[in-house]
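Everything on this sheet refers to the single structure shown next.
Every number here is computed from the coordinates shown, using simple stated rules; none is lab data. This one's a predicted model, so the numbers in the text were calculated from it and none came from an experiment. Positions of Cβ are backbone-derived with ideal geometry, glycine not excepted, and every protein chain shown enters the neighbour counts.
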Amino acid sequence: GAVVSQHPSRVICKSGTSVKIECRSLDFQATTMFWYRQFPKQSLMLMATSNEGSKATYEQGVEKDKFLINHASLTLSTLTVTSAHPEDSSFYICSASLGGFQFFGPGTRLTVL
Amino acid sequence: GNSVTQMEGPVTLSEEAFLTINCTYTATGYPSLFWYVQYPGEGLQLLLKATKADDKGSNKGFEATYRKETTSFHLEKGSVQVSDSAVYFCALRRLAGGGADGLTFGKGTHLIIQP
């Protein structure tokens, strides 16, 4: 139980385009989901907290207009990287909260050319 | 602010060796502490946790004790196996209790176990 999926697993896009990443809790409902970013050989950095039915809460230094988060249902949160640039290339990981624990998706590798 | 520091890897050990991966933290209040494991090609999985001082988390032969006096949460295992090869992350959660709050992670330690 407590499985979280992400789609796509990999995406390559051209600079200036927007990319949407989906995070789904498959067998449970999650009021709260989280988005993290991981650079090579670095730790996961919390980007934002996504709450169903309300605006996301962004960590300091994360541009909310750049990284749009929508938590439309109790099983789906989306992260849209708008006008992506090469410096946005990274590994994006989501997690869903259940009973005080976080269950992580497998991650999405974004490469911006 | 909150931070987690863990030993740099990779750590290479022979099968059946004793494992210690050090983790220290800086946080206000009384954070909950976690170890996550990431196997190749998979997402992070919770390995063990501790929510208050002197708590010992344990799972799959791994143990870690929440030491408030030394702000540490070192991961140990008495006899490692090849299947333990993975990346291990130490993490803390800002709020005590069951509130949903983001995690602060260490950089991860890549563990390689040789037969």
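With neighbours defined as other Cβ atoms within 10 Å of a residue's Cβ, the residues B:Tyr39, A:Tyr58 order from fewest to most as B:Tyr39, A:Tyr58. Label reach from B:Ser14 (point 7 Å along Cα→C-beta): in the stretch B:61-78, amide nitrogens under 17 Å belong to B:78. Over all pairs of distinct alpha carbons, what does the Kirkwood formula give as the hydrodynamic radius of the stretch A:2-113, in Å? Evaluated over the stretch A:2-113, this radius sits at 13.8 Å.
Remark: the stretch A:19-32, residue by residue, has Karplus-estimated 3J(HN,Hα) of 10, 10, 10, 9, 10, 10, 8, 7, 10, 7, 9, 10, 5, 10 Hz, where x stands for each Gly or Pro and the curve is 6.51 cos²θ - 1.76 cosθ + 1.60 at θ = phi - 60°. 3J(HN,Hα) along the stretch A:48-62: 6, 10, 10, 10, 4, x, 9, 6, 6, 9, 9, 6, 4, x, 9 Hz, from the Karplus curve 6.51 cos²θ - 1.76 cosθ + 1.60 with θ = phi - 60°, whole Hz, x for Gly and Pro. Counting only residues at least eight positions apart within a chain, or on another chain, the lysines with an alpha carbon under 24 Å from that of A:Lys14 are A:Lys64, A:Lys66. Legend: Rg and Dmax of the protein assembly as shown, from Cα coordinates, 17.6, 51 Å. Under 10 Å, Cα contacts only: if you run a Gaussian network model on chain B, which one of B:Glu63, B:Glu15, B:Glu76 comes out with the highest mean-square fluctuation? Its mean-square fluctuation being the largest, the pick is B:Glu15. Label-to-label distance, A:Ile12 versus B:Ile112, with points set 7 angstrom from Cα along the beta-carbon direction: 2.8 nm.
Quote the relative contact order of the stretch B:55-96 in percent (integer), defining contacts as alpha-carbon pairs under 8 Å separated by 6+ residues. Write out the running numbers ahead of the final one.
Working: 30 pairs, mean separation 10.2, N = 42.
Taking the mean separation of contacting Cα pairs over the length of the stretch B:55-96, I get 24 percent.
Within the protein assembly as shown, the cysteines lacking any other cysteine Cβ closer than 4.7 Å to their own Cβ are A:Cys13. In loop segments of the stretch B:23-112 as defined by DSSP, the trypsin sites (Lys or Arg not before Pro) with at most 15 further C-beta atoms inside 10 Å of their C-beta are B:Lys52, B:Lys60, B:Lys68.
Order of A:Asp27, A:Asp65, B:Asp55 from fewest to most other C-beta atoms within 10 Å? Don't jump to the answer; show the numbers that get you there.
Numbers: A:Asp27 11, A:Asp65 8, B:Asp55 16.
Fewest-to-most Cβ neighbours within 10 Å comes out as A:Asp65, A:Asp27, B:Asp55.
Convex hull of alpha carbon positions in the stretch A:60-105: directionally averaged projected area 4.2 nm². Here the average projected area of the convex hull drawn through the C-alpha atoms of chain B stands at 6.8 nm². Charging the Cβ of each Asp and Glu at -1 and of each Lys and Arg at +1, and nothing else, the dipole of chain A about its Cα centre rounds to 240 debye.
Sequence gap at least 6, Cα distance under 8 Å: using those rules, report the relative contact order of chain B to the nearest whole percent.
Details: 307 pairs, mean separation 42.0, N = 115.
Rounded, it is 37 percent for chain B.
Evaluating 6.51 cos²θ - 1.76 cosθ + 1.60 at θ = phi - 60° for every residue in the stretch B:21-33, the Karplus couplings come out as 10, 7, 9, 10, 9, 10, 7, 8, x, 10, x, 8, 10 Hz, glycine and proline recorded as x.
If you run the Gaussian network model on chain A, springs between alpha carbon atoms under 10 Å, then out of A:Phe101, A:Phe39, A:Phe91 the most flexible one is A:Phe101. Spin-label pair A:Ser5-A:Lys64: with each label point 7 Å from Cα along the Cα-Cβ axis, the two points sit 3.1 nm from one another. Projecting the Cα atoms of A:Ser50, A:Gly99, A:Leu74 onto the charge dipole of the stretch A:37-113 (Cβ charges, centred on the Cα centre) puts A:Gly99 farthest toward the positive pole.
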